[in-house]
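*Asks:* Below are the structure tokens for one structure; questions will follow.
Values in this text are rule-based calculations from the coordinates and carry no lab data. Remember, it's a predicted structure, so these values are computed and weren't measured experimentally. Cβ sites come from the backbone with ideal geometry, for glycine too, and all protein chains shown count toward neighbours.
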């Protein structure tokens, strides 16, 4: 069982829908991340939250909106997505700063936009 | 520019044999960390092994070892005594100060273990 839990595991949504991906970490880490994994492309870092503040936004389209209400939870709100947004979305957490650790990943949400 | 390069899109290995997965990296930061992750078909990224740039010895974790050649900027993963359950995607990643200590991933290598 992983210390990082993502829900849902699978999601199919239309281009006009609004949905949210949820991530929860039980490891006491101070940083959380969203990655996008498309077929035949390296993992792309989308957003980073450190101590609940967004510190990285890699030119992600505004149709993706992250939210980090506390250090244990991270959301990715989705609206008016495109078919090319279909991918595996991975959440991760780590400890940054003193005593930094490797990133621990959730099992991902496989998103299909139709 | 690509910072992490994995030149083997796919590899086969016979069960119980050893296999080496290649990874080269590029950074100007003298302090960095190198990671290997395994991603089975379930999608989860599983941490395997870590090598720090100042570590004097190659990292080892059970059947996994990292062949760290600093001058060549390579950090190859060696899996000994391959098992069928080792079939998965393997990703090399780097964390350095130039990227704000974020992980940068390579394109991955798909390993297939044959019985």
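*Asks:* Using Cα pairs under 8 angstrom and six or more residues apart, how large is the relative contact order of segment A:52-114, in percent?
*Replies:* Relative contact order comes out at 27 percent.
*Asks:* Between B:33, B:62, B:52, where does the largest GNM mean-square fluctuation fall for chain B, given springs only between Cα atoms within less than 10 Å?
*Replies:* Of the options given, B:62 has the highest mean-square fluctuation.
*Asks:* Could I ask something else about it? Rounded to two decimals, what is Rg over Rh for the protein assembly as shown when you use alpha-carbon atoms and the Kirkwood radius?
*Replies:* Reported Rg/Rh, Kirkwood definition of Rh: 0.97.
*Asks:* How much of the calculated P(r) for chain A lies past 19 Å, in percent of all Cα pairs?
*Replies:* Here the tail beyond 19 Å accounts for 40 percent of pairs.
*Asks:* A further question follows. I want to verify a result. In a Gaussian network model of chain A, Cα cutoff 10 Å, which of these has the top mean-square fluctuation: A:47, A:75, A:64?
*Replies:* A:64
*Asks:* Let me have the relative contact order for chain B, percent, based on Cα pairs under 8 Å that are six or more residues apart.
*Replies:* It comes to 37 percent, rounded to a whole number.
*Asks:* Once you place label points 7 Å from the Cα toward the Cβ at residue A:63 and residue B:47, how far apart are they in nm?
*Replies:* 3.4 nm
*Asks:* Which percent, nearest 5, of DSSP beta bridges in chain B are antiparallel?
*Replies:* Of all bridge pairs located within chain B, approximately 85 percent are antiparallel.
*Asks:* In square nanometres, what is one fourth of the surface area of the convex hull spanned by the alpha carbons of chain B?
*Replies:* Average of the hull's projected areas for chain B equals 6.9 nm².
*Asks:* Can you grab the distance from the C-alpha centre of segment A:25-46 to the C-alpha centre of segment A:48-94, Å, no decimals?
*Replies:* Centre-to-centre distance over Cα atoms comes out at 9 Å.
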